[in-house]
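Below is one structure, written out as structure tokens; the observations come after it.
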Amino acid sequence: MAATTPVIVTLTTDFGREDFHLPRLKGSLLSAHQGLQLVDLNHEIPPYDIVRAAFVFKRSWVHYPEGTIHLISVNDYYQPRGRFLAIRHERQYFIGPDNGIFSLIFGKLPSETFVLDGYTKKDALSTIYGRAVAHVARQKPFLEIGLPATKFSERLAFQPVIGPNYIRGTVVFIDRFDNVTTNITRELFEDVGHGRGFQLLIKRMSPIDGLSFRYHDVPEGEPLCRFDHDGFLEVAINLGRAATLLSIQLEDMVQVEFVN
Amino acid sequence: MAATTPVIVTLTTDFGREDFHLPRLKGSLLSAHQGLQLVDLNHEIPPYDIVRAAFVFKRSWVHYPEGTIHLISVNDYYQPRGRFLAIRHERQYFIGPDNGIFSLIFGKLPSETFVLDGYTKKDALSTIYGRAVAHVARQKPFLEIGLPATKFSERLAFQPVIGPNYIRGTVVFIDRFDNVTTNITRELFEDVGHGRGFQLLIKRMSPIDGLSFRYHDVPEGEPLCRFDHDGFLEVAINLGRAATLLSIQLEDMVQVEFVN
Amino acid sequence: MAATTPVIVTLTTDFGREDFHLPRLKGSLLSAHQGLQLVDLNHEIPPYDIVRAAFVFKRSWVHYPEGTIHLISVNDYYQPRGRFLAIRHERQYFIGPDNGIFSLIFGKLPSETFVLDGYTKKDALSTIYGRAVAHVARQKPFLEIGLPATKFSERLAFQPVIGPNYIRGTVVFIDRFDNVTTNITRELFEDVGHGRGFQLLIKRMSPIDGLSFRYHDVPEGEPLCRFDHDGFLEVAINLGRAATLLSIQLEDMVQVEFVN
């Protein structure tokens, strides 16, 4: 029997990998529809941490091809209301709990957002998700498994504070290489800065006063700041561990002061 | 060239992921048969721990589709006898060492259990498994790679102790969310309890005296007990870490006392 | 639409799994070419550690089928020159940074080694790799994406020191089971030893004076040495943790003294 091209399904969970939750979910998905290509997006989200999940996911999904189904299962076991959303946006699909994570990912929710129905309180999470993923994989209409969402949980991300000559942001992510990502975007930086010189202040370190393009634009061991490929201001040390060496932690303040 | 639907092969190992054992095994499988869909079931089994492997696997395999091949490679490097089993059961396939793990998974071994033969003492584990998986994936008869098993290693799981008014079980698993699974099943609970009220005692905490259905049936931070989707009695804290907060460890005693 | 057999792409990175780097790379690859089967070879390489990456990879790639594309992304964010190589060798393909890792893997570089071109300083790593992988997956000639490499970075691995009656090697890997791999090969052992008896000395433990074939050739808890399936001399304890119990660390010296 000839197979059709498999449908890519990415999985983002707070299940970890030491457990039975993840293999059960994978089995349920593979049983619900023949011909899925499962891709582990991230399973190391700390339990219930929808802010971190949203950040990692937001920086990943745009790189996937049209037709990809993204399943996000983070902090959904504990939802009192137990609502789930299915979204179509830029030719990709998104399925997950209505716990605010999609507002962290998309800001304003996409127009094609549906609330799943047709399941009972007794259905396992993997059954609910299996059914929804299989339905979307078969390219059947959302309306058969849910209704257009008129309201949904919202959760706001920290936004930088700005003045005429400064931007005060926060550290929102520290990656495996101890590079530090802030919530200051290139767009905001240019809006406020108008091309002026600046000093970046974080913790007690000496100010950084210029933008680098790549890590090795400064000597080994020197700190630098740059915009990463998604346009977020990042603080790093060339071939070094910025967060550890500079004692930077999540939610620490980062201040950019523009020179008059 | 048109491809047929790939055969799903799940992998459960104590290899971890930092090592060369797992990528070698994957390569050998992919070389042995074109068109396998490898699914990582669990590789974080602590070295040699067939009890944990059996528990995680037992709660996962039933969710996989017909025709799935489950390869279990736990504590098989150290087997003195070096025997391997291939099993067909409920339209799925199971391949792994004859070290007692299959008795922990199935209790009594399924009727279609075969002992692999045709390999030599010098063959690498990945060669032996690659050959067996490829054979099964091609839907060829077990008899060509082994003989019906007449005896095999057995290993018994802890069973609860019961009296007319109590069940004394043990903690058999602690998941990533610090939920605590016991070996007390709903069936046993109903057999002994006959619908009577009860108190659940574990460590020095106050007794829990009712069943919840979902975690949020109690206020945030409160302990609860419930039957999970596989029918095991579970102790948890709504939005909290039960095992850590209550100092519960594997093999701790859990007592259910029914009220007369 | 009928699908062709997917092309296997293995991924070896120092990205870890908690991060957005790996899911971005996977998405870019899946977007660049429809019909890739991604296989996680190893993502737990410590940041920048091309020596460990080379060791794990060297022991894995030969087990993969013809036509496999191996993508190695370790320590490539920090390359000043930013060169990437594409190699064809024994009917498999290898793509990664020109930072010395391929000399650690292959010793002398294979004849079909190309330097990638046609990308700009602004391209993301995942874009560069996505383009190269898609090109190779389509079986198009290397010359369209690069030029034959005339020089490349070299990095030398530690080699054992030998005398008429001894081999002095080093510990090059400790696996998940705390087995200890040295850089002493069976070939070297036989060349120097000529079948003589020997004593293996490591740390302060009593000498080991014979080769075992399998772990359980010695009683449980006893140390042993053996050649592993790739022909490297390994020190282990039957059902025990050699590295921990014997306080063995990476780069420790191992001496084999042959008896006259």
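The values are calculated or read from the model by the stated rules, or taken from the named source; none is laboratory data. This is a predicted model, so every value here is computed, not measured. Please note: Cβ atoms are built from the backbone with ideal geometry, for glycine as well, and neighbour counts cover all protein chains shown.
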note = Within the range A:170-210, residues being assigned to a strand (DSSP E or B), more than 14 Å from chain C (Cβ to nearest Cβ) and closer than 13 Å to residue A:234 by Cβ number 8
request  = Out of the residues in the range C:129-159 that are closer than 22 Å to residue C:53 by Cα and at pLDDT 95 or above, state the one that is surrounded by the fewest Cβ atoms within 10 Å (Cβ to Cβ).
outcome  = C:130
query = Of the residues that make up the range C:57-64, is at least one within 14 Å of chain B (Cβ to nearest Cβ), at negative phi, touching an Asp or Glu at 6+ places or on another chain (Cβ under 8 Å) and in a loop (DSSP other than H, G, I, E, B)?
reply = yes
message = For residue C:26, only one of the following conditions fails: (1) surrounded by fewer than 20 Cβ atoms within 10 Å (Cβ to Cβ); (2) at pLDDT 95 or above; (3) not aliphatic (A, V, I, L, M). What is its number?
response = (1)
ask   = Within the range A:69-162, which strands (runs of 3 or more DSSP E) (wholly inside it) include 3 or more residues that are closer than 25 Å to residue B:215 by Cβ?
value = A:69-73, A:84-89, A:92-97
note = residue C:102 fails exactly one of (1) of a type outside the set (Asp, Glu); (2) buried (at least 19 other Cβ atoms within 10 Å of the Cβ); (3) over 22 Å from residue C:233 (Cα atoms); (4) modelled with pLDDT under 95, namely (4)
ask   = Does residue A:8 count as closer than 14 Å to residue B:37 by Cα, more than 10 Å from chain B (Cβ to nearest Cβ) and of a type outside the set (Phe, Trp, Tyr)?
value = yes
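Here's the yes/no breakdown for (1) touching a strand residue (DSSP E or B) at 6+ places or on another chain (Cβ under 9 Å); (2) closer than 30 Å to residue B:9 by Cα; (3) touching a residue at least 12 places away in the same chain (Cβ under 8 Å):
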| residue | (1), (2), (3) |
| --- | --- |
| A:14 | yes, yes, yes |
| A:21 | yes, yes, no |
| A:36 | yes, yes, yes |
| A:45 | yes, yes, yes |
| A:50 | yes, no, yes |
| A:53 | yes, yes, yes |
| A:63 | no, yes, no |
| A:85 | yes, no, yes |
| A:93 | yes, yes, yes |
request  = Could you run through the range A:14-24 and say how many residues are more than 7 Å from every other protein chain (Cβ to nearest Cβ) and in contact with a helix residue (DSSP H, G or I) (Cβ under 8 Å, 6 or more places away or on another chain)?
outcome  = 1
Residue list for the range C:191-228, restricted to those being surrounded by 15 or more Cβ atoms within 10 Å (Cβ to Cβ) and out of contact with any Asp or Glu (no Cβ under 8 Å at 6 or more places or on another chain) = C:192, C:193, C:205, C:208, C:211, C:212, C:214, C:215, C:216, C:218, C:222, C:223
request  = Scan (1) more than 26 Å from residue A:165 (Cβ to Cβ); (2) touching a strand residue (DSSP E or B) at 6+ places or on another chain (Cβ under 8 Å); (3) among the hydroxyl-bearing types (Ser, Thr, Tyr) for the single condition residue A:212 breaks and write down its number.
outcome  = (1)
note = Filter the range A:25-40 for residues that are in contact with an Asp or Glu (Cβ under 9 Å, 6 or more places away or on another chain) and not hydroxyl-bearing (Ser, Thr, Tyr); the one that is nearest to the other protein chains (Cβ to nearest Cβ) is A:26
ask   = List the pairs whose first member sits in the range B:121-140 and is touching a residue at least 12 places away in the same chain (Cβ under 8 Å), whose second member is part of a helix (DSSP H, G or I), and whose Cβ atoms are under 6 Å apart, counting only residues at least 6 apart or on separate chains?
value = B:126/B:24; B:126/B:25; B:126/B:28; B:130/B:28; B:130/B:29; B:130/B:32; B:133/B:29; B:134/B:32
query = Within the bounds of the range B:123-137, is there any residue that is more than 19 Å from residue B:25 (Cα to Cα) and hydrophobic (A, V, I, L, M, F, W, C)?
reply = no
ask   = Any residue in the range B:176-190 that is over 19 Å from residue B:11 (Cα atoms), modelled with pLDDT of 95 or more, crowded, with 17+ Cβ neighbours inside 10 Å and touching a Leu at 6+ places or on another chain (Cβ under 6 Å)?
value = yes
